[in-house]
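Since the structure comes first, as structure tokens, the remarks are kept for the end.
The values are calculated or read from the model by the stated rules, or taken from the named source; none is laboratory data. The structure displayed is predicted, hence computed values, not measured ones. No Cβ is skipped: glycine too gets one built from the backbone with ideal geometry, and neighbour counts run over all protein chains shown. Accessible surface is based on the protein model in full, side chains and every heavy atom, while ligands, DNA and RNA are left aside. Shrake-Rupley method; radii C 1.70, N 1.55, O 1.52, S 1.80 Å.
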Amino acid sequence: MTKIDLNQSTKEEMSKHSRAISSVVDAVGDENKVSRAIGKLKQLQIAIPSWALGTGGTRFGRFPGGGEPSSLAQKIEDVALLNRLNKSSSSISLHIPWDKAENIEELKKLAKSLDLSFDAVNSNTFQDQPNQSYSYKYGSLCHTDKEVRQLAVNHNKEVISIGENLGSKALTVWLADGSIFPGQHDFKSALNRTLDSLSEIYSSLPPDWTMLLEYKPYEPNFYSMVIPDWGTSYLLVSELGDQAKTLVDLGHHLPNTNIEQIVSTLLFKNKLGGFHFNDSKYGDDDITVGSLKPYQLFLIFCELVKGMDDDPNLDLSWMIDASHNIKDPLEDLLQSVEAIKIAYAQALLVDYNELAFYQNRNDISQCQEILQEAFRTDVRALVREARLQLGGVYDPIKSFRENKIREKLISERGVNSKATGL
Ligand code: AFD
Ligand code: MN
Ligand code: MN
């Protein structure tokens, strides 16, 4: 593993930081509220997707940088590096079979030695694996052939048992199933077969597990997806039972969809399972969280803070799902975690009783004033204070660069395969 001795925060940094904290306290006008927010920020840990530690690429090409991980051990080590910097990434979400490993017991020891745990495990029935007995070309859990559906069900059951061995407590199911042409699918029978397959998977869930069911309006199918929207996911997870919940992937909505309202509706029925955080302009762009729509992210967190206030036992899966093409994957992930924490910190500043007071009076301007006052408060010092209290660094990106972590990874692992094109 790459040996990194992190520089400590400088005196200048620390004096700047204490000035910044005092200005937030002045802006908020309530020191207790600020320290409560810092306490909650320390608790929020974001799972890092194993598939985002290297360059993802698109169907038009992949331009990998250097030193990217080429084994699950190296992916675990990369998450540990992130967590040493930000102390907010203490778990990894695996993708099976990409992350299947012979030496799993060794990897469990490695993760434990690095204080990392395993979050949700993701199944993969959107690709055919070598020597696969049946093809997923025309779908998996929805397929017209029972043998294909059974293969996909068995794969999900295998993923659950791998996850159990790792201490994971959730299975994420995202289906690429759908149709490209009108007439290809009978919508109702495809949905019914999918529910039937999911029920068999659900029946093998350990009692303390959750099935997280994603939805997506298009891609890789372009005319219809079997689970295209939150309503279909909600319909399915409601049929399956209490251990099935909907997973909201921010990039899985058509442009201008009101995601914060979906989050609130799912919370209303206790069917919000968690998130795949990312950002996007038009489609499932999987780019850095908060890089385009920070206000949307803040509004989502406002619903979450209200939801957590209503139900202190609300237990969600907080995960990133991103694919990096032109930025350093580790820098991108550091920025994404920071953006999530900033949105959370801003949402913690809103006085929801005051907001309700003005909502009940239909004083819409004042409602907006309350929200935008919080959104316009620079809370980075709170996020930094929470990180420093946990033993993280003053500035993760700066520290990543000053300590030449990428250069060290390149010298240890070499420059990865050349850029690929069509
Ligand atoms: C793709 C899918 C979906 C899934 C992820 C990991 O759109 O978001 O969760 O891959 O399998 O982004
Ligand atoms: Mn996703
Ligand atoms: Mn996606």
Considering only residues that are part of a helix (DSSP H, G or I), in contact with a Phe, Trp or Tyr (Cβ under 7 Å, 6 or more places away or on another chain) and open to solvent by 40 Å² or more (accessible area, probe 1.4 Å), which ones fall in region 124-161? Glu147, Leu151
Qualifying position, being surrounded by 17 or more Cβ atoms within 10 Å (Cβ to Cβ) and within 25 Å of the chain's Cα centre (by Cα), among Leu355, Leu349: Leu349
If you scan region 82-123, which residues turn out to be within 16 Å of ligand 3 (Cβ to nearest atom) and in a loop (DSSP other than H, G, I, E, B)? Trp98, Ser123
Within region 230-241, can you find the residues that are over 18 Å from the mean Cα position of the chain (by Cα) and open to solvent by 10 Å² or more (accessible area, probe 1.4 Å)? Gly231, Thr232, Tyr234, Leu235, Ser238, Glu239, Leu240, Gly241
Going through (1) open to solvent by 40 Å² or more (accessible area, probe 1.4 Å); (2) farther than 22 Å from Gly54 by Cβ; (3) of a type outside the set (A, V, I, L, M, F, W, C); (4) more than 24 Å from the chain's Cα centre (by Cα) one by one, Gly167 fails only at (4)
Could we say that Pro228 is under 18 Å from Gly163 (Cβ atoms) and at pLDDT 95 or above here? no
Which condition does Asn103 not pass, out of (1) more than 21 Å from Glu164 (Cα to Cα); (2) open to solvent by 10 Å² or more (accessible area, probe 1.4 Å), if it passes all the others? (1)
Does region 202-219 contain at least one residue that is more than 19 Å from the chain's Cα centre (by Cα), open to solvent by less than 10 Å² (accessible area, probe 1.4 Å) and more than 23 Å from Ser323 (Cα to Cα)? no
Would you mind stating whether Asn270 is out of contact with any Cys (no Cβ under 8 Å at 6 or more places or on another chain), at positive phi and more than 16 Å from ligand 1 (Cβ to nearest atom)? yes
Scope region 361-389; condition of a type in the set (S, T, N, Q) and either surrounded by 21 or more Cβ atoms within 10 Å (Cβ to Cβ) or touching a residue at least 40 places away in the same chain (Cβ under 8 Å) (or both); matching residues: Thr377, Gln389
I need the full set of residues from region 234-282 which are over 22 Å from Leu141 (Cβ atoms), away from ligand 3 (no atom under 16 Å from the Cβ) and in a helix (DSSP H, G or I), in order please. Glu260, Gln261, Val263, Ser264, Thr265, Leu267, Phe268
Which of the following residues is away from ligand 2 (no atom under 16 Å from the Cβ), on the phi > 0 side of the Ramachandran plot and either in a strand (DSSP E or B) or free of Cβ contacts under 8 Å to residues at least 24 places away in the same chain (or both): Gly183, Gly231? Gly183
Just to be sure I understand, how many residues within region 1-50 are within 26 Å of the chain's Cα centre (by Cα), of a type in the set (S, T, N, Q) and at pLDDT below 95? 1
Any idea which of Leu334, Leu409, Leu388 is of a type in the set (A, V, I, L, M) and under 30 Å from Leu212 (Cβ atoms)? Leu334
Condition test on Ala244, is it open to solvent by less than 10 Å² (accessible area, probe 1.4 Å) and under 23 Å from Arg62 (Cα atoms)? no
When you scan region 373-419, how many residues do you find that are of a type in the set (A, V, I, L, M, F, W, C) and more than 19 Å from Pro294 (Cβ to Cβ)? 9
For Tyr344: the one exception among (1) touching a Ser or Thr at 6+ places or on another chain (Cβ under 9 Å); (2) within 16 Å of Leu41 (Cβ to Cβ): (1)
Going through region 283-307 in order, the residues found to be open to solvent by less than 50 Å² (accessible area, probe 1.4 Å) and more than 15 Å from ligand 3 (Cβ to nearest atom) are Gly290, Gln296, Leu297, Phe298, Leu299, Ile300, Phe301, Cys302, Glu303, Leu304, Val305, Gly307
